[in-house]
1. Kirkwood Rh, Cα Rg: Rg to Rh for the stretch 16-170?
2. HN-Hα J couplings of the stretch 54-61 from phi, Karplus 6.51/-1.76/1.60, θ = phi - 60°, integer Hz, Gly and Pro as x?
3. Just how many pairs of Lys in the chain have C-alpha atoms closer than 22 Å, counting pairs that are eight or more places apart or on different chains?
4. Using a 10 Å Cβ count of at most 14 others and DSSP loop calls, identify the longest part of the chain lacking such chymotrypsin sites (Phe, Trp or Tyr not before Pro).
5. Calculate one ³J(HN,Hα) per residue across the stretch 85-96 by plugging θ = phi - 60° into the Karplus curve 6.51 cos²θ - 1.76 cosθ + 1.60, and present them in order as whole Hz with x for glycine and proline.
6. Please report 108, 58 as a ranked list, fewest other C-beta atoms within 10 angstrom at the top and most at the bottom.
Amino acid sequence: MTQTLSTKSVEKSASPFSTILLAGLLAGFLDGAAASVSYYINTGNNPTRVFQYIASAVFGKQAYSGGMGMVVWGLVFHFVIALAFAAVFFVVYPVLFRIIKNRIVIGVVYGLMVWVIMSLVVVPLTKAAQFAFNLQAAIIGMLILVFMVGIPIALIVHRYFAIRKASLVRI
């Protein structure tokens, strides 16, 4: 038996919650993978250190000696943050789309905003080690957040609102 996915079934299954969940989980996975690969290429060290660093925001230096438990905490914090950014984007997207009509441009702007918020506000307020500004690292971080967080979240959220708008037009 062949099953097809119609627009109507997508409309019925897509909810704000499922859209935010998909956008947040995808962005979290892509960002985590890109950060891990970048860290490994730049240092040759085990990429689990990326998630220990994230855990160090709460647990401080103890995160680096806490083994896989701290890696798991880092992953949990990482995905909670990704889901939070997806939820915020979902809420502000209708306003952003009225101002900037291009979903890719919105994603680029949002990715850059995420970098600013994380680098200049969130991380400095945590127990995580603070590093001196490095332009190359900042550019790499911005590019990762634009292409792995901002644009994917924008595309997923745009699809939700486009389907919703199309279904309202048909009524």
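1. Values: Rg = 16.6 Å, Rh = 16.3 Å.
Looking at the stretch 16-170, the ratio lands at 1.02.
2. Couplings: 4, 5, 5, 4, 9, 9, x, 4 Hz.
3. Working: 8/165; 12/165; 61/127; 101/165.
Within the chain, the lysine pair count is 4.
4. Numbers: sites that count: 131, 133.
So the longest stretch without any such site is 1-130.
5. Each residue's phi maps through the Karplus curve to give 5, 5, 5, 4, 4, 4, 5, 8, 4, x, 6, 4 Hz.
6. Values: 108 19, 58 15.
Fewest to most other Cβ atoms nearby, the residues stand as 58, 108.
FYI, it's all coordinate maths here, none of it is from the lab. All figures in this text were calculated on a predicted structure; none of them were measured in a lab. Neighbour counts run over all protein chains shown; Cβ positions are idealised from the backbone, glycine included.
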